[in-house]
Amino acid sequence: QFFVFCHGLLQLSQLLVSGYLKSSISTIERRYGLSSQTSGLLASFNEVGNTLLIVFISYFGSRVHRPRFIGCGAILVSLAGFLMSLPHFITGPYEYDQSVASMFSNTTDLCQPGVPGSRGNLSDAGCTPHAARENHEVLLVMFIAQALLGIGGVPIQPFGISYIDDFASERNSPLYLGILFSVTVIGPGVAFMLGSAMLRFYVDIDKVAGDEVQLTNKDPRWVGAWWLGFLVAASLVALSAVPYFFFPREMPKEGVSPGRDFPLVLLRNLRHPVYLLVVLAQVNLSAMVAGLATFMGKFLERQFSLTASLANMIIGAVNIPGAMVGIVVGGAILKRFQMSLRQCSAMCVLGMFLCLLVAFPLLFLGCPTQKVAGVTYSESSEFGHHALECNLQCDCPEKAYNPICGSNAIEYISPCSAGCRVVHIDADNNSVLNYTNCSCISENGFAKPGTCGTSCSHLFLPFVVLSCLAGILASTSHTPSFMLILRSIQPEDKSFAVGIQFMLLRVLAWMPGPVLYGSAIDTTCILWEKKCDRKAACRYYDNNLFRQRYLGLQFFFEVGTF
């Protein structure tokens with residue numbers, strides 16, 4: 001029982017490391033200027049190390065000192081977690097455009113006519129070869145950490161499960177494995193809650209005094225302390241690794257299974273139509289979940305103007321528990337009615353059909369990107385020619401990004417592009433109150449700092465309710481589909497078939513899923529941040545396209561599963 005407790009703790013902390021990355025992905029994109037394709041590849045990169053080794057490990061399972069192997073794997077995972085936070089310590093503080101000439105810089109974002117050429121320092125500051133190299137180093141470190149995370153995670157689950165199954169009594173084994181399984185489902189939820197807590201702190205909380213931070217967490221330039229969560233999670237993993245070095249090896253009750261004919265079994269399983277079809281359905285479902293888990297937070301942030309912290313809170317407290325409820329309900333129905341295989345498949349079909357009905361309206365719950373002058377909206381159409389020249393004499397830096405919301409409900413990329421000449425500052429906490437004398441906003445308008453946000457906050461609740469419902473319905477098919485696999489193949493092939501199944505899921509779903517979703521999201525970007533003449537992170541998406549492609553892809557995989 002102590003082993004089961006330790007293993008539950010270890011699995012939880014291991015999932016915290018891998019799940020936490022998904023919760024802070026939109027923050028890491030913003031901090032290091034990554035496209036969603038890159039961040040999707042990063043998020044699925046731990047599966048690479050994992051897949052390469054998983055078949056060997058399950059094959060050699062019974063011949064090694066399993067607890068010690070698990071302990072070593074856990075130490076690798078912990079190392080990976082600390083490595084993930086390293087970029088924060090090797091790069092300088094986070095830089096963003098500031099409208100307030102503070103102690104850090106003498107450049108401002110205001111409209112200052114008649115001083116041409118004084119702006120060069122703002123736009124090209126980050127373009128030294130050093131800065132470009134720094135960015136490559138960051139990516140390299142993170143990819144290495146993700147690969148290590150995958151490799152370290154290999155022995156943890158298979159060895160833990162077989163160790164428990166070998167030494168627990170026949171009666172208690174299902175209970176223990178059930179406990180572990182529920183932990184693996186809770187894990188990501190806890191990870192998103194951890195993300196929600198950490199992203200409320202400013203990224204450079206350790207480098208900059210609190211009163212010098214001029215951003216609030218609602219600002220689109222805000223970057224939360226993404227690295228803190230990795231330190232927390234990695235420390236937890238290191239702690240839970242310790243007991244494993246003291247568990248005995250204890251030879252299993254049954255003898256070492258004879259080495260079966262590897263290719264023969266593989267072929268026998270792959271030719272089995274039920275096995276193959278169910279695995280294909282699971283591949284579709286997993287591809288959907290992979291994209292969902294990686295970019296749902298980002299989607300909620302953009303579509304409903306939420307902070308990263310709130311988006312994570314919703315996913316961790318509503319969507320993931322919803323999926324858990326679905327899995328439990330599916331298992332309970334199965335047990336209560338002692339279903340045959342045909343009934344199992346009928347239940348999967350019904351669950352997915354209802355899921356499709358609920359998920360379809362999601363495609364229409366949302367609204368377009370807010371009006372951003374010069375990006376999604378040109379004023380010339382309304383005011384004739386005068387509007388275009390309103391900020392010509394300001395000599396604005398091209399790359400400035402310090403969004404403000406005009407009193408005319410139009411967003412401007414920076415105070416300069418709105419032609420604002422005066423900034424009013426709250427003396428108490430050094431934050432911007434508003435900008436005035438803006439030549440681009442009619443009736444000598446003013447503007448508030450921060451984005452205008454999208455206008456569909458009223459659709460947020462229906463969206464969350466429907467997506468949670470769709471999740472519950474889709475996950476009711478989880479247990480019956482596993483039963484279909486376990487009962488349709490020969491008993492002696494069972495563990496091997498499950499190993500092959502997990503490998504296929506990894507190769508066909510968990511790895512390409514996030515990259516596919518990330519690429520689809522990148523196609524909907526309308527304004528890229530430029531770093532040294534290369535695309536960095538996306539500033540503005542076409543929200544309608546983002547929603548249609550992101551949820552459309554999800555719907556496509558749901559139809560595939562069905």
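Can you give me the number of residues within the stretch 184-214 that are without any contact (Cβ under 8 Å) to a residue 40 or more places away in the chain and either aromatic (F, W, Y) or not assigned by the TED database to the domain that holds R31 (or both)? Break it down stepwise before answering.
First, pick out the residues of the stretch 184-214 that are without any contact (Cβ under 8 Å) to a residue 40 or more places away in the chain: 201-202, 205-206, 209-210, 213.
Imposing the further condition that a residue be either aromatic (F, W, Y) or not assigned by the TED database to the domain that holds R31 (or both) reduces the set to 201-202.
Going through the stretch 184-214 one residue at a time, the tally reaches 2.
Looking at (1) in a helix (DSSP H, G or I); (2) open to solvent by 30 Å² or more (accessible area, probe 1.4 Å); (3) of a type outside the set (A, V, I, L, M, F, W, C); (4) at pLDDT 80 or above, which is the only condition P93 fails?
(1)
Would the stretch 407-416 turn up any residue that is within 24 Å of F304 (Cβ to Cβ), without any contact (Cβ under 8 Å) to a residue 40 or more places away in the chain and not assigned by the TED database to the domain that holds C532?
Yes.
Would you confirm whether any residue within the stretch 513-525 is free of Cβ contacts under 8 Å to residues at least 24 places away in the same chain and open to solvent by 40 Å² or more (accessible area, probe 1.4 Å)?
no
Scan the stretch 535-556 and tell me whether some residue there is assigned to a strand (DSSP E or B) and open to solvent by 20 Å² or more (accessible area, probe 1.4 Å).
As a first pass, look at the stretch 535-556 and keep what is assigned to a strand (DSSP E or B): 535-541.
Those still in the list that are open to solvent by 20 Å² or more (accessible area, probe 1.4 Å) too: 535, 539.
Looking through the stretch 535-556, at least one residue is assigned to a strand (DSSP E or B) and open to solvent by 20 Å² or more (accessible area, probe 1.4 Å).
Counting residues that are at pLDDT below 85 and either under 30 Å from V358 (Cβ atoms) or out of contact with any helix residue (DSSP H, G or I) (no Cβ under 8 Å at 6 or more places or on another chain) (or both), which helices (runs of 4 or more DSSP H) fully inside the stretch 426-510 reach at least 2? Don't jump to the end; show me each part of the working.
Details: elements: 460-475, 478-488, 494-505.
Helices (runs of 4 or more DSSP H) meeting the threshold: 478-488, 494-505.
What are the residues in the stretch 197-235 that are part of a loop (DSSP other than H, G, I, E, B), acidic (D, E) and open to solvent by 40 Å² or more (accessible area, probe 1.4 Å), if any? Step through it out loud before you land on a result.
Taking the stretch 197-235 and keeping what is part of a loop (DSSP other than H, G, I, E, B), we get 199-201, 203-209, 213-223, 225.
Remaining after also requiring acidic (D, E): 204, 206, 219.
Residue satisfying the conditions is D206 alone.
Please work out if M296 is in a helix (DSSP H, G or I), among the aliphatic types (A, V, I, L, M), in contact with a Ser or Thr (Cβ under 8 Å, 6 or more places away or on another chain) and at pLDDT 90 or above. If you could, list the steps in order and put the result at the bottom.
Details: in a helix (DSSP H, G or I): yes; among the aliphatic types (A, V, I, L, M): yes; in contact with a Ser or Thr (Cβ under 8 Å, 6 or more places away or on another chain): no; at pLDDT 90 or above: yes.
Considered against the rule, which asks whether it is in a helix (DSSP H, G or I), among the aliphatic types (A, V, I, L, M), in contact with a Ser or Thr (Cβ under 8 Å, 6 or more places away or on another chain) and at pLDDT 90 or above, M296 comes out as no.
The values are calculated or read from the model by the stated rules, or taken from the named source; none is laboratory data. The structure displayed is predicted, hence computed values, not measured ones. Glycine also receives a Cβ, built like all others from the backbone with ideal geometry; neighbour counts cover every protein chain displayed. Surface areas here come from the heavy atoms of the whole protein model, side chains and all, with no ligands, DNA or RNA. Shrake-Rupley method; radii C 1.70, N 1.55, O 1.52, S 1.80 Å.
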